[in-house]
Amino acid sequence: MKTTLTTITAILTCISLMIPARAENIEQLRQFLATKQCQQCDLSGSGLVLANLAGADLRGANLSGANLSQANLSGANLAGANLSGASFNGANLTAANLRGASVNGTDFRNVYFVNADLTGVSLDKAYVQGAVGIPDSAGNPEMFYGWGLMENKQGNFNAALQYYNKALDLNPKYAEAYLARSMVQYHFGNSAQATQDAKTASELFQEQQNPAGYQAAENFIAGMEAIAKRKTDAPSGSTAGIERVLQTVGGLLLQFFLRY
């Protein structure tokens, strides 16, 4: 009986110690929603879905594990905030300040980053599929290329094209990005641009002594030329079969480069 009472007492003591901390978080959340001011405060695990937090001051705040999906954080100051494991899926972060924020495992899918400041932030461990307006400073050529491949794989060709463009802005000699962009351009019916990108990729692969990449680019060029010739020789004939083969080859090439 004594052991049981001791155990119960210990449990009640733990609960009593936990309650004030939780109450303090609730009070901070209440104050934040009323004032949009929460510097260095603890909002970890808070539910702020669809909240209007435009211009909010969250400098140095702990938002780890919080749910801010589809929230309006345009112009918000999140500098130095802990955003690890938080969800911003579909949120508006236009012109927000995220300088030095921690974003390990943060869900930034479908977020609007237009004119956002991500200085000192690397998104390599965050989820950014469908994000719009990621600044060049938040990634490197390999990251933008990798995000492009993932969008390509999901059939989001416009998003893939934007990522390939950013990769090439940062590294104009990125052969893989030229070849991947060539395939997207061809998908959109931009044959001239697709051919130019594929030829640039072929030249760079050869210059960089990458025989697998060179052969892939040459094969893609040959496929496009074969379709163009067939259309010229027999305008009324169907090229659907060859185009399907070319698209399949393109898909396989993207899968190949996705591994590297």
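The values are calculated or read from the model by the stated rules, or taken from the named source; none is laboratory data. The structure presented is a predicted model; accordingly, all values stated were derived computationally and were not measured. Cβ atoms come from the backbone with ideal geometry, glycine included; neighbour counts cover every protein chain shown.
Worth a mention:
- Selection from the range 55-109 of residues that are in a strand (DSSP E or B) and of a type in the set (S, T, N, Q): ASN62, ASN67, ASN72, ASN77, ASN82, SER87, ASN92, ASN97, SER102
- Search result, residues across the range 50-84 that are surrounded by fewer than 18 Cβ atoms within 10 Å (Cβ to Cβ) and either in contact with a Ser or Thr (Cβ under 9 Å, 6 or more places away or on another chain) or more than 17 Å from GLN37 (Cβ to Cβ) (or both): LEU50, ALA54, GLY55, GLY65, GLN70, GLY75
- Taking the criterion of being part of a helix (DSSP H, G or I) and more than 17 Å from LEU168 (Cβ to Cβ), the residues of the range 179-219 that qualify are HIS187, SER191, ALA192, GLN206, PRO211, ALA212, TYR214, GLN215, ALA216, GLU218, ASN219.
- Residues located in the range 124-153, provided they are part of a loop (DSSP other than H, G, I, E, B) and more than 16 Å from ASN92 (Cα to Cα): ASP124, LYS125, ALA126, GLY139, ASN140
- Only listed residue being surrounded by fewer than 15 Cβ atoms within 10 Å (Cβ to Cβ) and outside the structural domain of GLY85 (by TED's automatic domain parsing), chosen from LYS125, LYS153: LYS153
- Residue in the range 156-168 that is surrounded by fewer than 16 Cβ atoms within 10 Å (Cβ to Cβ), assigned to a loop (DSSP other than H, G, I, E, B) and touching a helix residue (DSSP H, G or I) at 6+ places or on another chain (Cβ under 9 Å) present: no
- Of residues in the range 86-111 being of a type in the set (D, E, K, R) and under 18 Å from ALA159 (Cα atoms), the one surrounded by the most Cβ atoms within 10 Å (Cβ to Cβ): ASP107
- Test: GLU142 is touching a helix residue (DSSP H, G or I) at 6+ places or on another chain (Cβ under 9 Å), at negative phi, without any contact (Cβ under 8 Å) to a residue 24 or more places away in the chain and charged (D, E, K, R): no
- Any pair with Cβ under 6 angstrom, 6 or more apart, that starts in the range 178-207 at a residue that is without any contact (Cβ under 8 Å) to a residue 60 or more places away in the chain and in the same structural domain as ASN165 (by TED's automatic domain parsing) and ends at one that is surrounded by fewer than 16 Cβ atoms within 10 Å (Cβ to Cβ) and not in a helix (DSSP H, G or I): LEU204/LYS173
- Of all the criteria given as (1) under 22 Å from LEU50 (Cα atoms); (2) crowded, with 17+ Cβ neighbours inside 10 Å, the one not satisfied by PRO141 is (1).
- Criterion (within 22 Å of GLU176 (Cβ to Cβ) and out of contact with any Gly (no Cβ under 7 Å at 6 or more places or on another chain)) met by exactly one of ALA138, ALA159, ALA56: ALA138
The rows are residues; the columns are (1) more than 30 Å from PRO172 (Cα to Cα); (2) out of contact with any helix residue (DSSP H, G or I) (no Cβ under 7 Å at 6 or more places or on another chain); (3) among the small types (Gly, Ala, Ser).
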residue	(1), (2), (3)
ASP42	yes, no, no
ASP57	yes, yes, no
SER74	yes, yes, yes
VAL111	no, yes, no
ALA126	no, yes, yes
